[in-house]
Every structure is written in structure tokens, then in C-alpha cells.
Amino acid sequence: MIFHDPPFEVRFVAGDDSLLSPTHGRGVCYIGANTMENANEIFQRFEPLMKSLDGRPHWGKHFTMTREEIVKLYGGSHAEFAGIRAEFDPDNVFGNSLIHELFD
């Protein structure tokens, strides 16, 4: 098999103060899996490993974490974000099924 792009990327990033950032309050080692073939199989193996390491998902990528898992990973910043979202979008105009499942 020939890979045109590396199937994995690893990089280190300093912590920040953005509420739902994967680096909120801590420096992290990003480990990303990229694939054009067998994506479902690779994801099914990769996500449990990242969960076991308290990995936080990339919000623009597919993930299967539950509300309870997100609350555990983000703690008070989850509640703070949910409050801000409710304040600025009280009618859920900008909500979708994922936002409702994780923050309402």
C-alpha cells in the first residue's frame, strides 16, 4: 500500500484557555489518524485508544463520545460553554443534533 499522505500525525501543542479546545488548561500531544481506505475499521480501533488516554475530540471530526464523557473531559468549561450558548442562542437557532445531545 502506498500512502500519499502520512496516515498518522503527531504534534505537541501548548495549553490554552478556550473553553472547548482540546488543549484547554493543558498541553497536549495531538495524535491524528488520517485514512482514505478502511476508515471505519481504523476509527473503531483508534477512538477507544484515544478515550483510554483521556483524549479530547476534534470538534470538526467524527467521534462517538457521549455527553457524560464530554462533561468528564471538560469539567466546568462544559457547563460554562452550555450557559453561554443558551444565553446567546436561547431559541436554538444554531443548534443541531450533536449540540443538543451534548449541551442541552
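Computed quantities for the displayed model
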| quantity | calculated |
| --- | --- |
| Pairwise label distance in nanometres, I99 with F8, each label 7 Å out on the Cα-Cβ vector | 3.5 nm |
| Hydrodynamic radius of the chain per Kirkwood, over alpha carbon pairs, in Å | 15.4 Å |
| Dipole moment magnitude, nearest 20 debye, the chain about Cα centre, only Lys, Arg, Asp, Glu C-beta charged | 340 debye |
| In Hz, Karplus ³J(HN,Hα) per residue of the range 89-94 (6.51, -1.76, 1.60; θ = phi - 60°; x = Gly, Pro) | 9, x, 9, 6, 5, 9 |
| R0 of 22 Å, Cβ-Cβ distance L49-K72: FRET efficiency to nearest 0.05 | 0.80 |
| DSSP-loop chymotrypsin sites (Phe, Trp or Tyr not before Pro) across the range 2-80, with at most 14 other Cβ within 10 angstrom | F3, W59 |
| Sum of -39500 (n - 2.57) over DSSP H runs of 4+, divided by residues of the chain (222 nm, nearest 500) | -12000 deg cm²/dmol |
| Of I84, V10, I99, farthest towards positive along the dipole that unit charges on Lys, Arg, Asp, Glu beta carbons give the chain | V10 |
| Accessible area per residue in Å² at 1.4 Å probe, computed on the chain | 72 Å² |
| Candidates per trypsin sites (Lys or Arg not before Pro) in the range 36-104, loop by DSSP, up to 10 other Cβ within 10 Å | K61 |
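The values are calculated or read from the model by the stated rules, or taken from the named source; none is laboratory data. As the structure is a computational prediction, the values presented were derived from the model and not from experiment. Backbone-built Cβ (ideal geometry, glycine too); neighbour counts: all protein chains shown. Heavy atoms of the whole protein, side chains included, go into the accessibility calculation; ligands, DNA and RNA do not. Shrake-Rupley method; radii C 1.70, N 1.55, O 1.52, S 1.80 Å.
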